[in-house]
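Working notes, structure below.
The values are calculated or read from the model by the stated rules, or taken from the named source; none is laboratory data. In this text, all values refer to a predicted model and were calculated from it rather than measured experimentally. Here Cβ is always computed from backbone atoms with ideal geometry, including for glycine, and neighbour counts include all displayed protein chains.
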Amino acid sequence: MAFDGFTVAALTKELSDAFQNTRINKIAQPEKEELLLTIKGNSATLRLLISADASLPLMYLTEENKQSPLNAPNFCMLLRKYLTNAKIISVTQPGLERVVKFTLEHLDEMGDLCRKHLYVELMGKHSNIIFTDHKDMIIDAIKHVSHNMSSVREVLPGREYFIPKTQDKTDPVLEKENLTFDSFKEIILSSHTEVFKAIYGSFTGFSPVMASEICCRAGVDPETSVSIFVDADSDRAKDLKKLFKEFYSVLDDVTEGSFAPEVIYEKNVPLEYAALPLTMYKDLDVRRYDSISKLISGFYKEKSQVVLMRQKTADLRKIVQTALERNVKKLDLQKKQLIDTEKKDKYRIYGELINTYGYSVPEGSKSFEAINYYTNAPVTIPLDPDISVMENGKKYFEKYGKLKRTAENLTSIIEEVSKEVTHLESVLTSLDIAVCEGDLKEIKEELKESGYIKSHGHEKKEKITSKPFHYLSSDGFDIFVGRNNFQNDKLTFEYANGGDWWFHAKKMPGSHVIIRSDNKEVPDTTFEEAARLAAYYSAGRKNEKVEIDYTLKKNVKKPSGGKPGFVVYYTNYSMMIDTDISNIKVAKE
């Protein structure tokens, strides 16, 4: 997920093509380190979002507008003064640096034509937006950098702008004509590290992902040491030449502007993106884009949504996790205590044998031997010599009775605690699949009802707005998925009909899934798609395959006093299915 030189190159080309014969119409600074430029021309209006935020530097074309503060910051006012209605002359990238240079033309106070430059540096914590004159003297920047902050470069008004060379790297685009196999080999071998590290550590603009991709295309293990190429045999020499060929090939793509942006998905979650095809993820799902801006905006919107939901669920997750750990410890202790009661039957047999044979045992004996008439095996029974033999028998019966009562009590408690553990695990699964505030409200209400969150008498019950996930099978059948335990109960026992089909992951927490059959015969394809949804929306969603139980809804029952989402069924079918739901269509509401 690196905003590397290749991503910047693809973005530069897209902006260069889009901004032909255009002017800057509006300039806004919605956030402290963010600009939103409105560009007009060619009978179209475009918006360019630029963020120099150290945690997530970005730039892309967007259709969304943002609310600006009532009082524009000084940097925004300065840009408005010079660049409102400025013509965009060019959009370029210096080599393969993570820098985009806008050359702009405007009229000064005297009406003379002037040129200015706007540099956007997308360099992680060093990201910045810097405004310079035609001689590249800094007029201002969205972030000032003094000598106290950096010994490499000051970014202050009046200083000369330059791209800092903080690392001894070769720019492969600027040096492309001079880059030969021998020079490439020399650079790689001088690194003394793994092959992919040698590439991104030696050449400007390369991220670890793109370096690994080149290795993959060349059939070289990225984590292999470059030492294998020293005094290489013929096969290793061929591998190094393949590596150089693939390296040069991606440079050709950059210089020719031949990009193919794509996002890699793992279990429907965006994993990685690149401006060029990533063949090393051939076993994962790929979504291709015709625009790098659409890719960037879509990718980070999805990622930020996942991160945001994780943050919002953190407090609830902590409550559930704490309760779960406490109940699991309690369950383990009770199971150990139950094992200790297993010797109760031994004491009962001792008592019975004493009652049967004890009359012949001399008083004061410390033990006696008898034949266990249940197994026909000899058994030695310890005795307390200070009490009579028959009193020893009575004592063994008392021990048996006490352990029996304890076992019965523990069995009942273990059953209740096991149900609680299962319930809490199902709540964690609900938190994992939550996608909106409404989902969290229902989960919070469930925790209140279960006593894990204190409910104050004056509090109003939160209004629930979320609905079950709704999918449409390839055969046209409606499939509904409960988002949490409350929805599972409503979906199964209030919404579904007896002839509808019900799905659930076998012996693990997960959503109830319903196929609305409408009294029609359901094709196998729809069964498989519903099973995939049940697998994906379960605790096993990260597994390759999950076993799914399915049956007619009429066979599913709610036990008296059962926890939310808990059901029983005794007639069902089963199937093993993967968790890939990428090809299942989301129904339009």
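If the condition is being over 18 Å from residue 411 (Cβ atoms), among the hydrophobic types (A, V, I, L, M, F, W, C) and either in a helix (DSSP H, G or I) or not assigned by TED's automatic domain parsing to the domain that holds residue 416 (or both), then segment 335-374 contributes 349, 353, 354. Within segment 534-557, being closer than 10 Å to residue 575 by Cβ and not in a helix (DSSP H, G or I) holds for 545, 546, 547, 548, 549, 550. The set of residues in segment 290-311 being modelled with pLDDT of 75 or more, under 26 Å from residue 533 (Cβ atoms) and buried (at least 17 other Cβ atoms within 10 Å of the Cβ) consists of 298, 299. Of all residues in segment 465-493, those being surrounded by fewer than 16 Cβ atoms within 10 Å (Cβ to Cβ) and within 14 Å of residue 537 (Cβ to Cβ) number 1.
Note on segment 139-155: among residues that are of a type outside the set (S, T, N, Q) and without any contact (Cβ under 8 Å) to a residue 12 or more places away in the chain, the one that is surrounded by the fewest Cβ atoms within 10 Å (Cβ to Cβ) is 147.
When segment 149-170 is limited to residues that are among the hydroxyl-bearing types (Ser, Thr, Tyr) and part of a loop (DSSP other than H, G, I, E, B), the one that is nearest to residue 7 (Cα to Cα) turns out to be 166.
Only one entry of 515, 548 meets the criterion of being modelled with pLDDT of 95 or more, β-branched (Val, Ile, Thr), over 23 Å from residue 422 (Cα atoms) and surrounded by 21 or more Cβ atoms within 10 Å (Cβ to Cβ), and that entry is 515.
Using the structure shown, decide if residue 563 is surrounded by 14 or more Cβ atoms within 10 Å (Cβ to Cβ), touching a residue at least 24 places away in the same chain (Cβ under 8 Å) and in a loop (DSSP other than H, G, I, E, B). So residue 563 fits the description; yes.
Given the criteria touching an Asp or Glu at 6+ places or on another chain (Cβ under 8 Å) and either modelled with pLDDT under 85 or hydrophobic (A, V, I, L, M, F, W, C) (or both), does residue 276 qualify?
Working: touching an Asp or Glu at 6+ places or on another chain (Cβ under 8 Å): yes; either modelled with pLDDT under 85 or hydrophobic (A, V, I, L, M, F, W, C) (or both): yes.
Considered against the rule, which asks whether it is touching an Asp or Glu at 6+ places or on another chain (Cβ under 8 Å) and either modelled with pLDDT under 85 or hydrophobic (A, V, I, L, M, F, W, C) (or both), residue 276 comes out as yes.
Taking the criterion of being out of contact with any helix residue (DSSP H, G or I) (no Cβ under 7 Å at 6 or more places or on another chain) and in a loop (DSSP other than H, G, I, E, B), the residues of segment 375-410 that qualify are 375, 376, 385, 386, 387, 388. Residue check, residue 544 against (1) touching an Asp or Glu at 6+ places or on another chain (Cβ under 9 Å); (2) touching a residue at least 40 places away in the same chain (Cβ under 8 Å); (3) of a type in the set (Asp, Glu), all met but one. Which one? Every listed condition holds for residue 544 apart from (2). The listed residues are 396, 350, 374, 400, and the only one of them that is without any contact (Cβ under 8 Å) to a residue 60 or more places away in the chain, exposed (fewer than 12 other Cβ atoms within 10 Å of the Cβ) and of a type in the set (Phe, Trp, Tyr) turns out to be 374. From the list 207, 225, 191, the lone residue that is at pLDDT 90 or above, within 25 Å of residue 124 (Cβ to Cβ) and hydroxyl-bearing (Ser, Thr, Tyr) is 207. Just checking, which of 570, 536 is surrounded by 16 or more Cβ atoms within 10 Å (Cβ to Cβ) and either in contact with a Lys or Arg (Cβ under 9 Å, 6 or more places away or on another chain) or modelled with pLDDT under 95 (or both)? Exactly one of 570, 536 is surrounded by 16 or more Cβ atoms within 10 Å (Cβ to Cβ) and either in contact with a Lys or Arg (Cβ under 9 Å, 6 or more places away or on another chain) or modelled with pLDDT under 95 (or both), namely 536.
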